[in-house]
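Working notes for the structure below.
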Amino acid sequence: MRTIDHRLLIVGGGAAGLRAAIEADKHVDNLGVISKVRTLRSHSVSAQGGIAASLGNTGDNESDSWKKHLEDTIKGGADLVDRDAGEVLTQNAVENVIELEHMGVPFSRTSMGTLDQRPFGGHSLPRALYAADRTGHAIVYSLYGENVKRGTTFYDEFFVLDLLTEGRSVLGLVAYDIKTGEIVIFRAGAVILATGGPSQVYDLTSSGTASTGDGLAIALRNGIPIEDMEFIQFHPTGLKDKGILITEAARGEGGYLKNDRGERFMKRYEPENMELAPRDKVVRGMQREINEGRGINGENYLHLDLTHLSREKIKRKLPTIRELALDFANIDPVEQSIPVQPMAHYCMGGVPTDIEARVQSKEIGVAWENLYAAGEVACVSVHGANRLGTNSLLEAVTFGKRAGRFAAQQASSSDGVEVDEAVVSKYGSRIESLLENEGSVKVSELRDRLKRIMTEKCGVFRSGEDLKEALNQIYQLQEDYDGKLVVEDSSQKFNTELKMALELGNMLDYSEVIVEAALAREESRGAHFRTDYPERNDSDWLQHSLLHRDSTGEIRHQYREVDT
Amino acid sequence: MEIVFEVNRYNPETEEGNFYQEFSFPVDHGELEELTVLESLIKLKEEKDGSLTFRHSCGHGSCGSCAMLINGENRLACKTHLIDLVSENETRIKVSPLPGFPVIKDLVVELESFFDQDEEVKPYLIAENGSETEEERLQTPEELGQIQEATECIMCGACTSACPTYWDNKKYLGPGAFVKAFRWERDSRDEGGEERMDFLDDSRGGVWGCNKVFNCEEACPKDIDTVGIIDLLKREALGF
Ligand SMILES: Cc1cc2nc3c(=O)[nH]c(=O)nc-3n(C[C@H](O)[C@H](O)[C@H](O)COP(=O)(O)OP(=O)(O)OC[C@H]3O[C@@H](n4cnc5c(N)ncnc54)[C@H](O)[C@@H]3O)c2cc1C
Ligand code: FES
């Protein structure tokens, strides 16, 4: 059995994981970053629009402050943001983005040479620092470079299957080396989960194929609850039929949303903020237009119109958008409107952590000693019921940094840790049985059925009836997964179909929680909209949901107050 | 129209060696315009043969996972549309792994050496000054403009894989690493000058190996002027 020892292990090489590694390196000298795709292929490189901080470099008269940023964040999050976490996010934002600049991120500049900032939905002032419309790529490449400088050890194309634990303490993890097909044991004094979001459970999504929420399933498997999973953000402007995002910056720079009649329909729903209202509101406006037959040609999409912006502005500020529209829709936004539709984008919920990024939810007695989580997989609750654009890269670097610092301080040496061989052989045989299954249902077929159910029954609009149906259908899929799945590729090395099967197992596990949480929350708030309970209900529901799987496999619901 | 994909198959666990397998499927005109090579490969994997192996992640040209040799050119599968590859008379599409790198399986290559070469050019900001301040370093849009194009590199490997000098000499750093070197070296905030020049000017691995074949420039999915960048580095090495 191959066993690898590190003082600290970070699972995930996106913005959160890479930022964690840099900080941790200041405190411990033996850390490893594990990623199931090569680090630089992580989903974070696709983030386009920007990262928020109240620098106030470009506001006209009004000066910005972290307090305004905090209030915007809480308001955007429909009051489900924990104030203590929101304070950490906004109060340290300036310092954290300046650090990124110091690490070399090629942020776009004002004519004076300072960091330029642009408006973004839900932010009352221009607060988004950006690198053209490749902000995520720019940040990840600089963070990666900084890690190269510091000599971080990377384990690329290793798929983490589970944690190794003893009580409420983590001993390491079990991973599957995709290139060789071996099971590998990693022992560590502390572990940070930075595995990203679960948007792949939806049909149409802007997230990369690696965003299968593995960390959420790992948490559930270890009896850890996941929090606020009913809050899934749909992004208003996905390129029609393609999982490709047209950044909100396109509207920030002045783009209009129009229906089949050429109307700027947002005037009906959000006359004040129009296209720059928070995402949940824009998405519901769009979905209503579509449902009421005012989609383009009566179909399920609308138009994003940039044609009134100057060619120069589009080329300079939105070059990637132009390239994507040209490449994938054969449309030059300088001359024609872009066909767009809402798609799954971000998960506000995740593994509950405290503001030191430790996996913890004291109120309900969850407290892990040396397990941390940061980035999209975590729910420290800075986004509440609806995240503002540009706040999640900020979250990833802010809490990634904290996770790195606190985990490093907590991490003891992994010397002499005895790993239970039984756990390891359990995973070995699980993989063997997946490879040997003689079933009839293909991985992609089962996955597509799940995506359809989630999109149709647990999407932008939800109802109790639909959600109950979705649950029953998910139980059926779980059964089919256990009994009927077939993996056609039986080879050991670089078996991407086996990887998909492992991911699907994870997706089926926590999808049940997403639906259960959505069914339980009998109100509408932020991204969660119940057609049978269309009003927000603060007297009963100003609380976070925490659902876990108990030892019998049942999902249990618990709730905790919002930190106000 | 019937599209025929000829796909390189190689399974390291058998004695077979590599071979090309044919898959065909019908497409109408709309599909022909819409479908990319990546989407076609996914379709083949899901409908015909689950063991067909290739890398992909973002699906829209930003992560660099899916570079491969498509009808003789290094391209990103996710950004290559079928319509640009076929005509009335030619409906075959041949897909192979990136040349110049060891093949792991089917279309997947080992890029370890490519990333090692990237590390050699110190792909990070080297700067003593300014990092302790609480404010951003200033950089004008013009200064940023100098490196903007080079910052777009997604490290897909298409350029270095297309380079004849690299095929002959695996010590040659290659266009990918040079673009990254330039990106940091010409950043107005960077102070690493000498440190990087040592190996850029090296006779075996450095910029002098470039014979201006221009393969790399044609291969770059981000249209980076790789040869122009290497020229600028050569001039710098000569002290201009
Ligand atoms: C198209 C798009 C545009 C966006 N634009 C913006 C924006 O402009 N501003 C903003 O603030 N936010 C934006 N977001 C959101 C933001 O990009 C993400 O929330 C953020 O990048 C998440 O970073 P992360 O580090 O948590 O995870 P990721 O970048 O998703 O990284 C996850 C990492 O975990 C690894 N991993 C996962 N599972 C396993 C496993 N089982 N074993 C081993 N490794 C594993 C992956 O390989 C990867 O390295 C955007 C999102 C999308 C989809
Ligand atoms: S899949 Fe990301 S570049 Fe092609």
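The values are calculated or read from the model by the stated rules, or taken from the named source; none is laboratory data. No experiment lies behind these values; they were computed from the predicted model shown. Using ideal geometry, Cβ is built from the backbone for each residue, glycine included, and neighbour counts are taken over all protein chains shown. Side chains included, ligands, DNA and RNA excluded: accessible areas come from the protein's heavy atoms. Shrake-Rupley method; radii C 1.70, N 1.55, O 1.52, S 1.80 Å.
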For this session: Using only the alpha carbons, work out the radius of gyration and Dmax of chain B in angstrom.
Result: 20.3, 64
Problem set entry | Added length on full extension, which subtracts the Cα-Cα distance from 0.36 nm per residue, residue B:112 to residue B:214 | 34.3 nm
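With a 1.4 Å probe and all protein chains left in place, how much accessible area per residue does segment A:424-564 have, in Å²?
42 Å²
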Exercise. In Å², nearest 100, what accessible area do chains B and A bury in total when the solvent probe is 1.4 Å?
Worked result: 4800 Å²
Exercise. If you plug each phi of segment A:339-345 into the Karplus form 6.51 cos²θ - 1.76 cosθ + 1.60 with θ = phi - 60°, what whole-Hz ³J(HN,Hα) values come out, in order, with x for Gly and Pro?
Worked result: x, 9, 8, x, 8, 4, 9
Problem set entry | In Hz, Karplus ³J(HN,Hα) per residue of segment A:447-456 (6.51, -1.76, 1.60; θ = phi - 60°; x = Gly, Pro) | 4, 5, 5, 4, 4, 5, 4, 5, 6, 6
Exercise. To the nearest 0.05, how large is the calculated FRET efficiency for residue B:13 and residue B:171 if R₀ is 41 Å and r is the Cβ-Cβ distance?
Worked result: 0.85
For this session: May I ask you to derive the FRET efficiency for residue B:191 and residue B:225 from their Cβ-Cβ distance with R0 = 30 Å, giving the value to the nearest 0.05?
Result: 0.75
Exercise. Excluding same-chain residues fewer than 8 positions from residue A:426, which lysines have a Cα within less than 27 Å of its Cα?
Worked result: A:36, A:179, A:442, A:484, A:493, A:499
Exercise. Which pairs in the list A:281/A:317; A:240/A:317; A:242/A:457; A:26/B:170; A:68/A:267 are over 29 Å apart, alpha-carbon to alpha-carbon?
Worked result: A:26/B:170
Seminar exercise, completed: Projected convex hull area of segment A:82-143, Cα atoms, direction-averaged, in nm², equals 4.9 nm²
Exercise. Each label point is 7 Å from the Cα along the Cα-to-Cβ direction; what then is the distance between the points at residue B:83 and residue A:148, in nm?
Worked result: 3.8 nm
Problem set entry | chain A: relative contact order in percent, alpha carbon pairs under 8 Å with at least 6 residues between | 21 percent
Problem set entry | Under 13 Å, Cβ to Cβ, from residue A:489 - net charge with Lys/Arg +1 and Asp/Glu -1 | 0
For this session: Note the full-extension length gain between residue A:323 and residue A:421 as 0.36 nm times their separation in residues minus their Cα-Cα distance, in nm to one decimal.
Result: 30.1 nm
Exercise. What order, most packed first, do the peptides B:134-143, B:92-101 have when packing is the mean number of other Cβ atoms within 10 Å of each residue?
Worked result: B:92-101, B:134-143
Problem set entry | Percent carbon-and-sulfur accessible area, segment A:145-280, ignoring ligands, DNA and RNA, probe 1.4 Å | 42 percent
For this session: At 4 °C and 1.567 mPa s, grab the translational diffusion coefficient of segment A:306-408 from Stokes-Einstein with a Kirkwood Rh over Cα pairs, rounded to a whole number in µm² per second.
Result: 79 µm²/s
Seminar exercise, completed: Classified through the alpha carbon gyration tensor (a ≥ b ≥ c as square roots of its eigenvalues; rounded if a/c is under 1.5, else prolate when a/b is larger than b/c, else oblate), segment B:177-240 comes out oblate
Seminar exercise, completed: Of B:18, B:211, B:129, the most mobile residue in a GNM of chain B (C-alpha springs, cutoff 10 Å) is B:129
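Carbon and sulfur atoms: what percent of the 1.4 Å accessible area of segment A:464-563 do they account for?
So the carbon and sulfur contribution to the accessible surface is 42 percent.
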For this session: Starting from the Cα-Cα distance between residue A:335 and residue A:536, subtract it from 0.36 nm times their residue separation and give me the gain in nm to one decimal.
Result: 68.2 nm
Problem set entry | Expected 222 nm ellipticity per residue - DSSP helices of 4 or more, -39500 (n - 2.57), all of the protein assembly as shown, to 500 | -10500 deg cm²/dmol
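Which value, in Å to one decimal place, does the Kirkwood hydrodynamic radius take for the protein assembly as shown when every pair of different Cα atoms is included?
Taking every pair of different Cα atoms in the protein assembly as shown, averaging 1/r and inverting gives 26.8 Å.
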Exercise. With no solvent and one point per C-alpha, what does the Debye sum give as log10 I(q)/I(0) for segment A:185-292 at q = 0.10, 0.11, 0.14 Å⁻¹?
Worked result: -0.42, -0.49, -0.70
Exercise. What are the radius of gyration and Dmax of segment B:112-237, computed over its Cα atoms and given in Å?
Worked result: 14.5, 48
Exercise. Considering the alpha-carbon set of segment A:116-249 alone, what are its Rg and its Dmax in angstrom?
Worked result: 18.4, 51
Exercise. Hey, what D do you get for segment B:12-54 in µm²/s if you plug the Kirkwood alpha-carbon radius into Stokes-Einstein at 25 °C and 0.890 mPa s?
Worked result: 202 µm²/s
Seminar exercise, completed: Listed by chain and number, the lysines with an alpha carbon less than 19 angstrom from that of residue A:67, same-chain partners under 8 positions apart left out, are A:75
Exercise. Does any residue of segment B:14-61 lose at least 40 Å² of accessible area with all protein chains in place compared with its chain alone, and if so which ones (probe 1.4 Å)?
Worked result: B:34, B:45, B:46, B:50, B:55, B:57, B:60
For this session: Express the relative contact order of chain B as a whole percentage, based on alpha carbon pairs under 8 Å and six or more residues apart in sequence.
Result: 18 percent
Exercise. Setting aside same-chain residues fewer than 8 positions from residue B:234, which lysines have a Cα under 16 Å from its Cα?
Worked result: B:180, B:212
Problem set entry | Spin-label model distance (nm) - residue A:468 vs residue B:140, 7 Å beyond Cα toward Cβ | 6.9 nm
For this session: At q = 0.14, 0.19 Å⁻¹, work out log10 I(q)/I(0) for segment A:71-116 with the Debye formula, treating every Cα as an identical point scatterer and leaving solvent out; two decimals please.
Result: -0.49, -0.71
Problem set entry | Minimum 30 Å² accessible area buried by the other protein chains, segment A:112-147 residues, probe 1.4 Å, relative to alone | A:113, A:134, A:137, A:141, A:144, A:145
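Can you pull the Kirkwood radius for segment B:151-204, inverse mean 1/r over Cα pairs, to one decimal in Å?
On the way: mean 1/r = 0.0828 Å⁻¹.
About 12.1 Å for segment B:151-204.
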For this session: Summarise the accessible area of segment B:112-237 (1.4 Å probe, protein heavy atoms) by the percent that is carbon and sulfur.
Result: 44 percent
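What value in Å³ per residue do you get for the convex hull of the alpha-carbon atoms in segment B:2-109?
Working: hull volume 11.0 nm³, N = 108.
Convex hull of Cα atoms, per residue: 101 Å³.
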For this session: Could you provide, to the nearest whole Å², the per residue accessible area of chain B with probe 1.4 Å?
Result: 43 Å²
Seminar exercise, completed: Cysteines of chain B without any disulfide-compatible partner (other Cys Cβ under 4.7 Å) are B:66, B:78, B:153, B:156, B:163, B:210, B:220
